1. Considering only residues that are open to solvent by 10 Å² or more (accessible area, probe 1.4 Å) and among the hydroxyl-bearing types (Ser, Thr, Tyr), which ones fall in region 75-90?
2. Restricted to region 1-41, and to residues that are in contact (Cβ under 8 Å) with a residue 40 or more places away in the chain and under 12 Å from the mean Cα position of the chain (by Cα), which residue is farthest from VAL78 (Cα to Cα)?
3. Could you tell me which of the residues SER57, SER104, SER42 is in a helix (DSSP H, G or I), at pLDDT below 85, open to solvent by less than 40 Å² (accessible area, probe 1.4 Å) and among the hydroxyl-bearing types (Ser, Thr, Tyr)?
4. Do we have GLY19 as open to solvent by less than 90 Å² (accessible area, probe 1.4 Å) and either more than 26 Å from ASP123 (Cβ to Cβ) or in a loop (DSSP other than H, G, I, E, B) (or both) here?
5. Which condition breaks for GLU31 when tested against (1) more than 29 Å from PHE139 (Cα to Cα); (2) open to solvent by 40 Å² or more (accessible area, probe 1.4 Å)?
6. Conditions: (1) modelled with pLDDT of 85 or more; (2) more than 19 Å from ALA147 (Cβ to Cβ). THR73 meets all but one. Number of the miss?
7. Taking region 60-82 as the search range and keeping residues that are of a type in the set (A, V, I, L, M, F, W, C) and over 22 Å from the mean Cα position of the chain (by Cα), which one is farthest from TYR125 (Cα to Cα)?
8. For region 99-153, give me the residue count where each residue is more than 20 Å from ILE45 (Cα to Cα), β-branched (Val, Ile, Thr) and without any contact (Cβ under 8 Å) to a residue 60 or more places away in the chain.
Amino acid sequence: MLNIMLSIMLIFILVVYFGTISLKLKKYNSEKRTDKVTKPLSIIIKISPIVGIVIFSILFTVILKGRFIERVTHSILVFAIWMYATKFYQYILSYYKKKDILISSIIGMLFSVVLAIILTPLDRYVNMIYSYINWTSIFLGIMLYIAFYIVTYDVQKNKLSDKLPFMSEVIYGI
């Protein structure tokens, strides 16, 4: 029981930490020198769930037989954590001159990577999370995606309205 509480608490800490760092970004502009790398990375992050669904669907139907629900919930959760790590990496590249954001993003990326590595073996995931809450662990993964996209959308919306203040009313109805 301690494993499940610790795991869920660490995941919750990751989401709150990501939200906090992302909210700090609203007052900073990204470095233009890194746009060649960060813009494609942002697009990859946006479409990665679709690509992941296709890849995992092929894997689950052709190669990985058995333990279907365990594998699906595991892939959703761990994939979401890797998305957080990738977004923190993008923050490192985009805001490398802002020391507080840089250090916070490095900590967030390392935390995400360690958490993903800990949960990556299927048997460890089953022992730590799935064996206690079964298929409802899918909601934990979905919550990670929802929080990720809400925070990411909010930051991007504010960046756009800062660049085009006259257009924010037209685009977002503000």
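1. Hits for region 75-90 are SER75, THR86, TYR89.
2. If we take residues in region 1-41 being in contact (Cβ under 8 Å) with a residue 40 or more places away in the chain and under 12 Å from the mean Cα position of the chain (by Cα), then SER22 is farthest from VAL78 (Cα to Cα).
3. SER42
4. For GLY19, the condition - open to solvent by less than 90 Å² (accessible area, probe 1.4 Å) and either more than 26 Å from ASP123 (Cβ to Cβ) or in a loop (DSSP other than H, G, I, E, B) (or both) - is met.
5. (2)
6. Result: THR73 fails condition (2) only.
7. The extreme case among them is VAL62.
8. 4
The values are calculated or read from the model by the stated rules, or taken from the named source; none is laboratory data. Computed from a prediction, not measured in an experiment: that's the story for all the values here. Heads up, the Cβs are rebuilt from the backbone with ideal geometry, glycines too, and the neighbour counts pull from every protein chain shown. Calculation scope for accessible area: heavy atoms of the full protein, side chains included, ligands and nucleic acids excluded. Shrake-Rupley method; radii C 1.70, N 1.55, O 1.52, S 1.80 Å.
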